[in-house]
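Okay, structure first, notes after.
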Ligand code: GLN
């Protein structure tokens, strides 16, 4: 049997020389105050094992990790209609780029870049119920943790510095890609990004993706097998922005990152893993988190390729 605890302990030990090579996101001012030297990692196995190291219990800003879960809700509500509103191709551009949007008639390349996530949350907002509450409650259910909530300081800081996201939303509204009022949309998007979860929470929340949608941990079918297959595929091709190719090369797992420094990844049939370290590489992915996952798949021989 794989000794995940020993592996995580060894990885944490080896991370020290990797600090100081990336930089903490500060384009959202409230994110810039996080200590750069945090490191946490949790492995949640399909048979119920949970193994953690470092700051794994500390909640942090999930940022774009929320895009993974909002896509799941949108797919449960709308099925394949989602794919008529957003594409499933990598963008090759930064996560907050507007460049292809105008060329491609306001249709985002995929749901994991900002433009695509604005569309999926627009879909939720045009449906039944309060979108914010639904997103928060969905995460509480998946993480089995009722204390998950938004950090309003981060949310307000992002709302006040969302000019680029607003520009995207206006452009897409002009093309008919979104329906909601732009300010409402930005407020809801910033809410989902400002939710805080720990590595322990996130590893549980991602577990259904490792088990074809039915999770024993949750005692329920969280996603259809088909949705699960599709989401994992889009994570492989689009989950790490313009760094997706080198991430596949180095780590080799379906994964999604956020500028808070979190990454969740899935080893189909085996486990979900979440890692957090706030210093980012030039694509906006956790620098240390990527090194840790690279080591993890090498040590456990679990990359999908
Ligand atoms: N809230 C961030 C933004 O919209 C999310 C980006 C990210 O995590 N990559 O810019």
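Listing for the model above:
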| read-out | value |
| --- | --- |
| Cubic angstrom per residue, convex hull over Cα atoms of region 1-112 | 175 Å³ |
| Cα centroid of region 259-274 to Cα centroid of region 160-180, whole Å | 30 Å |
| Isotropic mean projected area of the C-alpha convex hull, region 74-222 (nm²) | 9.1 nm² |
| Shape parameters for region 216-305, alpha-carbon atoms, Rg then Dmax in Å | 12.9, 40 |
| Kirkwood estimate for region 172-225, i.e. one over the average of 1/r between Cα atoms, Å | 13.8 Å |
| Mean ellipticity per residue at 222 nm, deg cm²/dmol - from DSSP H runs of n ≥ 4 across the chain, formula -39500 (n - 2.57) | -13500 deg cm²/dmol |
| By average C-beta atoms within 10 angstrom, highest first, the peptides 175-186, 256-267, 158-169, 193-204 | 256-267, 193-204, 158-169, 175-186 |
| Fully extended contour minus Cα-Cα distance, from residue 128 to residue 225, at 0.36 nm per residue | 32.5 nm |
| Extension gain, residue 2 back to residue 298 (0.36 nm per residue minus Cα-Cα distance, nm) | 105.3 nm |
| Cβ-based exposure ranking for 223, 71, 98, 144, in which fewest neighbours within 10 Å come first | 144, 98, 223, 71 |
| Between region 31-94 and region 189-234, the Cα center-to-center distance that results, in Å | 8 Å |
| FRET efficiency, 1/(1 + (r/R0)^6) with R0 41 Å, evaluated for residue 16 and residue 141 via beta carbons | 0.65 |
| log₁₀ of I(q)/I(0) at q = 0.07, 0.10, 0.16 Å⁻¹ - the chain, Debye sum with one point per alpha carbon | -0.23, -0.47, -1.32 |
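Since every read-out is calculated from the coordinates, none of them should be taken as a lab result. Keep in mind it's a predicted model, so treat the numbers as computed, not measured. A quick note on method: Cβ atoms are made from the backbone with ideal geometry, for glycine too, and the neighbour counts reach across all protein chains shown.
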